[in-house]
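The values are calculated or read from the model by the stated rules, or taken from the named source; none is laboratory data. Everything numeric here is computed off the predicted structure, so don't read it as measured data. Here the Cβ positions follow ideal geometry from the backbone for every residue, glycine too, while neighbour counts run over all protein chains shown. We work out accessible area using only protein heavy atoms, side chains counted, and drop any ligands, DNA or RNA first. Shrake-Rupley method; radii C 1.70, N 1.55, O 1.52, S 1.80 Å.
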Amino acid sequence: MSLEKRRFIRIVEGSPLTFVAAKGLSGEGELLDISLRGMRFVSESMLTTGEKIRTVFILTNGISLDLTGVVRHVQGKGRKHLYGVEFSIHDQRDLKEHIKLNDYIVRARAEQDRILQKELLKKKLV
């Protein structure tokens, strides 16, 4: 059994996103998951490790987020690339966006827990 080493709750997401890199490249992708610390997304655009980016997307509950970060991991698969981004907080705007993200993660996690508890109860009653 593998022990989870992450300190931040990850929420699975499938939202489209747009990004702009510090060097001016812009692109589109799809968000895979998100936590308070960072996110993973796929894109056909090519970014490099260490590159600073700004991302904009709308979560499944309709909340719009505009977050900055640094590309920490890059995995290429054919035309698509998987990126791991670590968020950064530089100013009041970044802080406000992280507060919105925190609220979303807390609510999404509570909903996931509720669904899991319901499923476990069904199995026990069968």
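A few notes on this one:
- Computed FRET value (nearest 0.05) for Thr49 with Lys123, which takes r as the C-beta separation and R₀ as 35 Å: 0.20
- Gain in span if fully extended, Gln112 to Val42, counting 0.36 nm per residue against the direct Cα distance: 22.8 nm
- Mean Cα-pair separation over length for the chain, i.e. relative contact order, pairs under 8 Å, 6 or more apart, %: 20 percent
- Legend: residue pairs Lys23/Lys96; Lys23/Lys100; Lys52/Lys80; Lys23/Lys80, Cα-Cα distance threshold 23 Å; pairs beyond threshold, Lys23/Lys96; Lys23/Lys100.
- Stokes-Einstein translational diffusion, the chain - Kirkwood Rh over all Cα pairs, 1.567 mPa s, 4 °C, in µm²/s: 82 µm²/s
- Sequence-separation-based contact order of segment 7-58, relative, with Cα cut under 8 Å and 6+ spacing, percent: 40 percent
- Loop-resident trypsin sites (Lys or Arg not before Pro) (DSSP state other than H, G, I, E or B) in segment 49-126 with no more than 11 further Cβ atoms inside 10 Å of their Cβ: Arg79.
- Per-pair calculated FRET efficiency, R0 = 22 Å: Ile63 and Ser88 via Cβ, rounded to 0.05: 0.65
- Relative to the dominant Cα principal axis of the chain, helix 92-125 is inclined by about 30°.
- Solvent-accessible area per residue for the chain (1.4 angstrom probe, square angstrom): 68 Å²
- Taking each residue as 0.36 nm, the span from Val56 to Thr18 lengthens on full extension beyond its C-alpha to C-alpha distance by 13.1 nm.
- Cα centre as origin, Lys/Arg/Asp/Glu Cβ charges: segment 15-126 dipole, Debye: 440 debye
- Solvent-accessible area of His98 with every protein chain in place, 1.4 Å probe, in Å² to the nearest 10: 20 Å²
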